[in-house]
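Below: the structure, in structure tokens.
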Amino acid sequence: MWRATVLTIFPEMFPGPLGVSLAGKALAERIWSCEARDIRDSATDKHRSVDDTPAGGGPGMVMRADVLARAIDAVKNGKRPRILLSARGKPLTQARVRELAAGEGVVLVCGRFEGVDERIIEARKLEEISVGDYVLSGGEVAAFALLDACVRLLPGVMGKEASGAEESYESGLLEYPQYTKPQDFEGKPIPEVLLSGNHAKIAAWRREKAEEITKVRRPDLWDRQKGQKY
Ligand code: SAH
């Protein structure tokens, strides 16, 4: 079983959206587990405080290193990486998602307020991961994104028809456009080649479209994948 342990001040948020659909079914089937632990349980004062004012001044509050250390140390992580969801982190990629899904699971630390005391990141060797170049109000929504991306890759979660091999990012290209019935939608037909039954032609058309879309929408990806095998 692939194990997720989530450290958060809002454990009631979990499994949340991961309790339905593919991930929810996989959770019920015990393909993975999701344990949310309340960071406040590691506080020592009567108010169960986890945060305090930033040293040096400035707005907001910062999560305390000592409280987080107790919360993190109470988790038997085994070989599971300890990840801090962080706007400053390395952007999450499909390649990293594949590695995480192939492992034993993850321990996720969800920041809140202005973030966490820097010393906990070094002291517990937290891997900082970002889910995009924007700021969320907490790590929980980022944790959902990371977990969802991992769980769908676990053996037995996706149907065989959805192997994922041809999806966006897997090949270094964005996905080609998809169509289904009806054949005519508001005067727009499905591209003829897709109805031709000629698999070689269809594959060539999809490849061409994937390249076109990647060049226009993500020149950064296009530059990176040039010269790589499809
Ligand atoms: N002051 C911080 C943002 C704090 S947001 C900064 O400027 O970088 C509060 C928490 O939300 C963070 O500690 C982190 O856990 C989470 N978070 C915010 N944006 C995120 C992102 N893009 N990816 C992952 N986690 C994020």
Which pairs in the list Lys79/Lys125; Lys46/Lys76; Lys25/Lys90 are over 19 Å apart, alpha-carbon to alpha-carbon? Lys46/Lys76; Lys25/Lys90
Reachable aspartates and glutamates, given that their alpha-carbon falls under 13 Å from the alpha-carbon of Lys215 and they are not under 8 places away in the same chain: Glu175, Asp223
Accessible area, probe 1.4 Å, largest first, for residues Met158, Met13, Met1, Met63: Met1, Met13, Met158, Met63
Dipole moment magnitude, nearest 20 debye, the stretch 104-149 about Cα centre, only Lys, Arg, Asp, Glu C-beta charged: 120
In what sequence, largest accessible area first, do Glu192, Glu118 appear using a 1.4 Å probe? Glu192, Glu118
Rounded to the nearest Å, the spacing of the alpha-carbon centers of the stretch 105-142 and the stretch 158-219 is 36
Which of Pro91, Pro81, Pro59 moves most in a GNM of the chain, Cα contacts under 10 Å? Pro59
What's the FRET efficiency of Lys181 with Glu104 using the Cβ-Cβ distance as r and R₀ = 41 Å, to the nearest 0.05? 0.45
Could you give the nm distance between label points at Gln94 and Ala123, where each point is 7 Å from its Cα heading toward the beta carbon? 3.9
Can you give the alpha-carbon Rg of the stretch 2-151 over 2.2 N^0.38 Å, where N counts its residues? 1.01
Looking at the stretch 114-178, which chymotrypsin sites (Phe, Trp or Tyr not before Pro) are DSSP coil and have at most 12 other C-beta atoms within 10 Å of their C-beta? Tyr134
If every Lys and Arg gets +1 and every Asp and Glu gets -1 at its Cβ, then about the Cα centre the chain yields a dipole, in debye to the nearest 20, of 580
With every protein chain present, what is the per residue accessible area of the stretch 167-229 (1.4 Å probe, Å²)? 75
The chain - percent of accessible surface contributed by carbon and sulfur, probe 1.4 Å: 52
Over all Cα pairs of the stretch 90-145, how is the pair count split among 10 Å bins, expressed in % and running from 0 up to the last occupied bin? 19, 55, 26, 0
Work out the length of the dipole vector of the stretch 167-229 about its Cα centre, built from +1 on the beta-carbon of each Lys and Arg and -1 on the beta-carbon of each Asp and Glu, and round it to the nearest 20 debye. 180
One would report the antiparallel percent of DSSP beta bridges in the stretch 2-151, rounded to the nearest 5, as 10
Sticking with the crude label model, points 7 Å out along Cα→Cβ, report the distance from Ala200 to Asp73 in nm, one decimal please. 6.6
Please go through the stretch 120-162 and write out the GluC sites (Glu not before Pro) that DSSP classes as loop and that have at most 14 other C-beta atoms within 10 Å. Glu161
Which value, to two decimals, describes the C-alpha radius of gyration of the stretch 167-229 once divided by 2.2 N^0.38 Å? 1.26
As straight-line cross-link partners of Lys188, the qualifying lysines (C-alpha separation under 18 Å, not fewer than 8 residues apart within one chain) are Lys209
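The values are calculated or read from the model by the stated rules, or taken from the named source; none is laboratory data. Computed from a predicted structure; not experimentally measured. For neighbour counting, all protein chains shown are included, and Cβ atoms are generated from backbone atoms with ideal geometry for every residue, glycine included. Surface areas here come from the heavy atoms of the whole protein model, side chains and all, with no ligands, DNA or RNA. Shrake-Rupley method; radii C 1.70, N 1.55, O 1.52, S 1.80 Å.
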